[in-house]
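Step one of this worksheet: look at the structure below.
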Amino acid sequence: MKDINLKINGKSYRLSTNEDMRLIDVLRDELGLLGSKEGCGEGECGACTILMEGRTVNACMVMAFQTDEKEIITIEGLSNGEQLHPIQQAFIEIGAVQCGFCTPGMILSAKAILDKDTNPTREMIRQGISGNLCRCTGYAKIVDAIELAGKLLRNGGNNCEA
Amino acid sequence: MSLKNVYVAKTLDEVLNLLNQYGCESKLIAGGTDVIIQLREKEISPKVLVDISNLSEINFIDESEDKITIGACTTFTTIAESSILKDKLKGLVQSAESVGSPQIRNAATIGGNICNASMAADIVPPLLALDAEVLIESKAGKRRILLDHFLMGKGKVDIKPEEIVTAITFNKPKNREALGFGKLGLRKALAIARISTAIYLSLDEENTCRKIRIANGAVGFRGMREKEVENIFIGKQLTEDVINMGIEKLREELNQRLAGRSSAEFKTTAIAGIFKKALLETANNCKE
Ligand SMILES: Cc1cc2nc3c(=O)[nH]c(=O)nc-3n(C[C@H](O)[C@H](O)[C@H](O)COP(=O)(O)OP(=O)(O)OC[C@H]3O[C@@H](n4cnc5c(N)ncnc54)[C@H](O)[C@@H]3O)c2cc1C
Ligand code: FES
Ligand code: FES
């Protein structure tokens, strides 16, 4: 067993993990954070996308022990209590969610895009979500939602009427 | 589970000691984007994993008067965003940008790409075209070796279990020299081999080719220099005729190498197309 300190969504966890566990196993099986999905398990689909030190990575492509002391954000860390994050609000508003399997990862990739630039071009958005596969929506609405989210962030809130 | 011990190394010394202690029972893990798949498919079963992704000592891009050196643990995202590389070495930036997805580029390292030695490793053709050297360390000392000699075959590189690649180094482009890159077959999910080409070119004022180094990916058991093709260009002006002769030679070479494979014709035609485009771009970049 290997003891690690995880910092997830601002909370610290001290855990004993199996040496061969990946971050996705710890999130889902040990901590019950089921927002991050496991699709392909081999880095192709992005359903397991999380933010580590501010950058997107696939939680199926990192060993748990490698994340010791790293700052991690999962989809559970985005809303502020009942108050949805502007990106979440925009996805609902635009109807960018169908089955929802890709959505948590997609939203974290959207966050990485918008953290850099709240007014990205559609091409920048497409590039930024190129590691997140969606079998349902055909992506157009997802790109729309990320554009709207950028606008909400620029206006400093998640009021879609404004 | 064969995995008994895992270490997060914070210093190069620590890594060298661990590798010395555990030798072939150990495996380095950097970005993990190849290693984790191999572990899960039981292609490898090390007793010890040594994480080097936190080693800031070998995560850097350094520019001196005539050399550029890239630390082995530098990610493709860092390479893609590098201001040192963006002009004359655009080919390196483009190859880094073409890897996988943002998530993969945020984790995957240049050292891992080289050491994993897939025939389609994207950073290999540009580094071959730069005639890059690989810097290697172990507790016993340091050595350097040309990348062209370091790569032995599919999945095989010239490294001992106690050794780690610390950096890759190459000469800085001089006036009227540049590196270009072209790639086809972007999505791994589509199961097309990712064909790529890289060209290092040096032109004089008359548009004559002083030096050229060409390397292709995914058309052999490893990334390879195309010396026969280079010979067509050296000392000649880059006219339409000469370019076409070069492409003809490239086709001949690839047809020989790929003879008998079902993908031969597709790959040969595809390489010819991306080669021409990359060559023209590189020639323009030399003049800027
Ligand atoms: C979804 C997906 C898409 C991909 N797309 C591409 C692509 O488009 N192009 C491409 O070229 N590759 C691609 N890859 C493959 C992979 O991402 C690259 O080969 C990557 O550069 C490997 O780097 P890493 O740091 O993740 O290596 P790791 O997986 O950590 O290590 C790979 C190998 O190198 C060894 N190693 C690592 N660092 C060192 C070192 N400093 N010294 C000695 N040995 C070392 C390890 O022990 C291991 O054997 C893809 C992979 C996935 C999962
Ligand atoms: S489950 Fe991690 S990328 Fe598909
Ligand atoms: S909404 Fe179903 S996969 Fe994207």
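The table for this structure:
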| item | result |
| --- | --- |
| Filter pass, B:GLY31 being under 18 Å from A:ASP20 (Cβ atoms) and either in contact with a helix residue (DSSP H, G or I) (Cβ under 6 Å, 6 or more places away or on another chain) or away from chain A (no Cβ under 11 Å) (or both) | yes |
| Meets criteria (in contact with a helix residue (DSSP H, G or I) (Cβ under 8 Å, 6 or more places away or on another chain) and over 25 Å from B:GLU206 (Cα atoms)) for B:LYS276 | no |
| Some residue of the range A:95-111 being within 23 Å of A:CYS60 (Cβ to Cβ), touching a residue at least 60 places away in the same chain (Cβ under 8 Å), surrounded by 19 or more Cβ atoms within 10 Å (Cβ to Cβ) and more than 16 Å from ligand 3 (Cβ to nearest atom) | yes |
| Any helices (runs of 4 or more DSSP H) falling wholly within the range A:62-162 and containing at least 1 residues that are at pLDDT below 95 and within 16 Å of ligand 2 (Cβ to nearest atom) | none |
| Residue among A:PRO120, A:PRO86 that alone is more than 30 Å from B:TYR7 (Cβ to Cβ) and either within 14 Å of chain B (Cβ to nearest Cβ) or of a type in the set (Val, Ile, Thr) (or both) | A:PRO120 |
| Residue list for the range B:1-59, restricted to those being β-branched (Val, Ile, Thr) and surrounded by 15 or more Cβ atoms within 10 Å (Cβ to Cβ) | B:VAL6, B:VAL8, B:VAL15, B:ILE29, B:THR33, B:VAL35, B:ILE36, B:ILE37, B:VAL48, B:VAL50, B:ILE52, B:ILE58 |
| Selection status of B:LYS67, basic (Lys, Arg) and modelled with pLDDT of 95 or more | yes |
| Residue within the range B:71-80 that is over 14 Å from the mean Cα position of the chain (by Cα) and more than 16 Å from ligand 2 (Cβ to nearest atom) present | yes |
| Lone qualifier among A:GLY35, A:GLY81, A:GLY39 - being within 21 Å of A:ALA149 (Cβ to Cβ) and within 16 Å of ligand 3 (Cβ to nearest atom) | A:GLY35 |
| Residue that is away from every other protein chain (no Cβ under 14 Å) and of a type in the set (D, E, K, R), where the choices are A:ARG55, A:ARG14 | A:ARG14 |
| Enumerated helices (runs of 4 or more DSSP H) restricted to the range B:102-194, each holding at least 1 residues that are farther than 29 Å from B:GLU288 by Cβ | B:102-107, B:110-116, B:147-150 |
| Residue among B:SER95, B:SER82 that is in a loop (DSSP other than H, G, I, E, B) and among the hydroxyl-bearing types (Ser, Thr, Tyr) | B:SER82 |
| The lone exception for A:ALA64 - which of (1) away from ligand 3 (no atom under 16 Å from the Cβ); (2) surrounded by fewer than 18 Cβ atoms within 10 Å (Cβ to Cβ); (3) within 10 Å of chain B (Cβ to nearest Cβ) it fails | (2) |
| Test: residue in the range B:16-30 that is modelled with pLDDT of 95 or more and in a loop (DSSP other than H, G, I, E, B) | yes |
| Among the residues listed as B:ASN284, B:ASN207, B:ASN244, B:ASN255, the single one being among the polar types (S, T, N, Q), modelled with pLDDT of 90 or more and more than 23 Å from B:LYS90 (Cα to Cα) | B:ASN244 |
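The values are calculated or read from the model by the stated rules, or taken from the named source; none is laboratory data. Just so it is clear, the structure is predicted and the values come from calculations on it, not from any experiment. We place every Cβ from the backbone using ideal geometry, glycine too, and count neighbours over all the protein chains shown.
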